[in-house]
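Here is the structure we will look at, set down as structure tokens.
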Amino acid sequence: MGEFFLGWDVGGWNCDRNPKSRDAVCLLAGSGHKLRIIGEPWRGNLREKLVTLAGRELVDAVLDLCGVKPIAGNQITIAIDTPLAWPVHLIDLLTTGATAAVPCDPAHNPYLFRAREMALFDPGTGRGPLSVVRNMIGSQSTKGIHFRLKAGL
């Protein structure tokens, strides 16, 4: 059947309260340019599964939401659309108490943005990167990191 790809558009931990910010998962199979949807795309909140299940059982439960039986012996690539890492300076601040220089320009605050996000920021666009500290992406990020660790990925 080829390769399997599970895509997850991550919603916040309590995304069941906001229908515009729910989790969405979809399974694709095939290879190259010949991918097709397997089962049915699902939209809802994965929170309950994330806190009660672990390992392959967690991955299989997500597949089940799409109406797909466990895929024994086949590798599944999981694509998660949220940051799975936080700013190094924020982690250092929380774990060791190390402080960093904070410029007046919030777009370059090392606690709010990862170095790559700051490097990609283009003030001419009027839009900046999302911050795991001050934007909803933080809720989504912790959910994605939690899933990665619980699923053993």
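Just one of the listed residues (Val132, Val102) is among the β-branched types (Val, Ile, Thr), under 27 Å from Leu58 (Cβ atoms) and part of a loop (DSSP other than H, G, I, E, B), namely Val132. Pairs meeting the criteria (first residue in the stretch 1-28 and touching a residue at least 12 places away in the same chain (Cβ under 8 Å) and over 17 Å from Val59 (Cα atoms), second residue open to solvent by less than 30 Å² (accessible area, probe 1.4 Å) and basic (Lys, Arg), beta carbons under 6 Å, at least 6 apart or on different chains) are Trp13/Lys143.
Across the stretch 112-153, the qualifying residues are those that are among the β-branched types (Val, Ile, Thr) and over 12 Å from the mean Cα position of the chain (by Cα), and the one among them that is surrounded by the most Cβ atoms within 10 Å (Cβ to Cβ) is Val133. Filtering the stretch 92-107 to residues that are farther than 16 Å from Ser131 by Cβ and open to solvent by less than 60 Å² (accessible area, probe 1.4 Å) leaves Asp92, Gly97, Ala98. Residues in the stretch 30-87 that are part of a strand (DSSP E or B), closer than 22 Å to Cys15 by Cβ and either open to solvent by less than 60 Å² (accessible area, probe 1.4 Å) or in contact with a Phe, Trp or Tyr (Cβ under 8 Å, 6 or more places away or on another chain) (or both): Gly39, Trp42, Gly44, Ile78, Ala79, Ile80.
The values are calculated or read from the model by the stated rules, or taken from the named source; none is laboratory data. Fair warning: this is a prediction, and the values are worked out from it, not measured in the lab. Neighbour counts are summed over all protein chains in view; Cβ atoms, including those assigned to glycine, are modelled from backbone coordinates with ideal geometry. The accessibility values were calculated without ligands, DNA or RNA, using every heavy atom of the protein model including side chains. Shrake-Rupley method; radii C 1.70, N 1.55, O 1.52, S 1.80 Å.
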